[in-house]
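J.: What follows is a single structure, and I will ask about it in a moment.
The values are calculated or read from the model by the stated rules, or taken from the named source; none is laboratory data. If you're wondering where the values come from, they're calculated on a predicted model, not measured in any experiment. Here the Cβ positions follow ideal geometry from the backbone for every residue, glycine too, while neighbour counts run over all protein chains shown. Surface accessibility is based on the protein's heavy atoms, side chains included, excluding ligands, DNA and RNA. Shrake-Rupley method; radii C 1.70, N 1.55, O 1.52, S 1.80 Å.
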Amino acid sequence: MRVIALDVSGSSTGWAYGEGRELLEWGKFISNLRHSRGRRLHEFGERLSELFSEYDPEVLLIEKPFLGRNSNVLANLSKFVAIAEEAAYRTLELDIEADWFIDPRQIKKLMGVKKSIVKKNTKAKHDDNKQIMVKRINKLYGLGLKYSKGKSKKHNDDDIADAIAVWHAWWILNSDESAH
């Protein structure tokens, strides 16, 4: 089964591709934040269409937007998720099924990522959680993804790690089904 997982964001979207339970490719799209949101949405849809055409996935997984976010962030993120759905249908005639949206809390639990040692919900806790996930993915797959606090999306691979985690978590959730 050909599966693409996305960690959708308006600034940097990570993606992972695998066939069966074998992770084969991964990467990220970085948006130019100086462009208008309309242009970024358009470019995002075009990049996804290219990705979908190249890999022809049978399943498209998306990390579900976290409802606890600021309402403006959630509204903006939802637009990018909608573009992903539209691109999947336009390119592949693939409708994203409800269970292909994976809750980020469930992903962390399934990945065995323990809670951050930072107690308060701060930037430090956010950075700590990103670093923990990158290390976990590197350990599971023997990768060299990186994350350094304060570095740009261009230099960090946390979005890729999150997409791989979505992909990995889905396989755990579907472990009773056979991998084709």
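J.: Between ASP128 and LEU92, what is the label-to-label distance in nm when each label sits 7 Å out along the Cα-to-Cβ direction?
T.: It works out to 3.7 nm between the two label points.
J.: What are the trypsin sites (Lys or Arg not before Pro) within the stretch 25-77 that DSSP puts in a loop, where the Cβ has at most 13 other Cβ atoms within 10 Å?
T.: ARG34, ARG69
J.: For the chain, give me the percentage of DSSP beta bridges that are antiparallel, rounded to the nearest 5 percent.
T.: So the antiparallel bridges in the chain amount to around 70 percent.
J.: Once neighbouring chains are kept in place and the probe is 1.4 Å, which whole percent of the accessible area of the stretch 1-86 is contributed by carbon and sulfur? It would help to have the intermediate numbers written out before the result.
T.: Values: 1960 of 4190 Å².
Accessible surface attributable to carbon and sulfur in the stretch 1-86 totals 47 percent.
J.: Still on this model: How big, in percent, is the set of alpha carbon pairs in the chain lying more than 28 Å apart?
T.: Here the long-distance tail beyond 28 Å is 19 percent of all Cα pairs in the chain.
J.: Just add up the charged neighbours of GLY144: K/R +1, D/E -1, any other residue whose Cβ is under 13 Å from the Cβ of GLY144.
T.: Net of charged neighbours comes to +2.
J.: Further question: Within 10 Å, at most 16 other Cβ atoms, and a DSSP state outside H, G, I, E, B define an exposed site. Report the longest part of the chain free of exposed GluC sites (Glu not before Pro).
T.: Maximal segment without exposed cleavage sites: 98-176.
J.: Would you calculate, for the chain, the mean residue ellipticity at 222 nm contributed by helices, counting each DSSP H stretch of 4 or more residues as -39,500 (n - 2.57) and dividing by all residues, to the nearest 500?
T.: Taking each H run of at least 4 residues, the total per residue is -15500 deg cm²/dmol.
J.: Starting from the Cα of LYS146, draw a straight line to each of the aspartates and glutamates and keep only those under 19 Å, dropping any in the same chain fewer than 8 residues away.
T.: ASP7, GLU25, ASP127, ASP128, ASP157, ASP158, ASP159, ASP162
J.: Step through the table entries LYS109/LYS130; LYS28/LYS135; LYS130/LYS153; LYS28/LYS154; LYS28/LYS109, compare each Cα-Cα distance with 21 Å, and write down the pairs that go over it.
T.: Pairs exceeding the cut-off: LYS28/LYS109.
J.: While we're looking at this one, here's another question. Taking square-rooted eigenvalues a ≥ b ≥ c of the alpha carbon gyration tensor, is the stretch 54-97 rounded, prolate or oblate, where a/c under 1.5 means rounded and, failing that, a/b exceeding b/c means prolate? Could you put the intermediate results ahead of the total?
T.: Values: a/c = 3.34, a/b = 2.30, b/c = 1.45.
It is prolate, given that a/c is not under 1.5 and a/b is the larger ratio.
J.: While we're looking at this one, here's another question. Mind checking the per residue accessible area of the stretch 125-178 for me, 1.4 Å probe, whole number of Å²?
T.: Heavy-atom SASA per residue in the stretch 125-178 reads 49 Å².
J.: With charges set only on the Cβ (+1 for Lys and Arg, -1 for Asp and Glu), what does the dipole of the stretch 55-99 come to about its Cα centre, in debye to the nearest 20? Working shown, then result.
T.: On the way: 4 positive and 9 negative charges, 91 e Å.
That gives a dipole near 440 debye.
J.: Given a cut-off of under 8 Å on Cα pairs at least six residues apart, what relative contact order in percent is computed for the chain? Don't skip to the answer; put the middle values down first.
T.: Numbers: 275 pairs, mean separation 50.9, N = 180.
Over the chain, the number comes to 28 percent.
J.: Which chymotrypsin sites (Phe, Trp or Tyr not before Pro) does the stretch 1-96 hold that lie in a coil by DSSP with at most 13 other beta carbons within 10 Å?
T.: PHE66
J.: Let's see if you can work this out: charge +1 on each Lys and Arg Cβ, -1 on each Asp and Glu Cβ, no other charges. What is the dipole magnitude of the chain about its Cα centre, in debye to the nearest 20?
T.: About 1700 debye.
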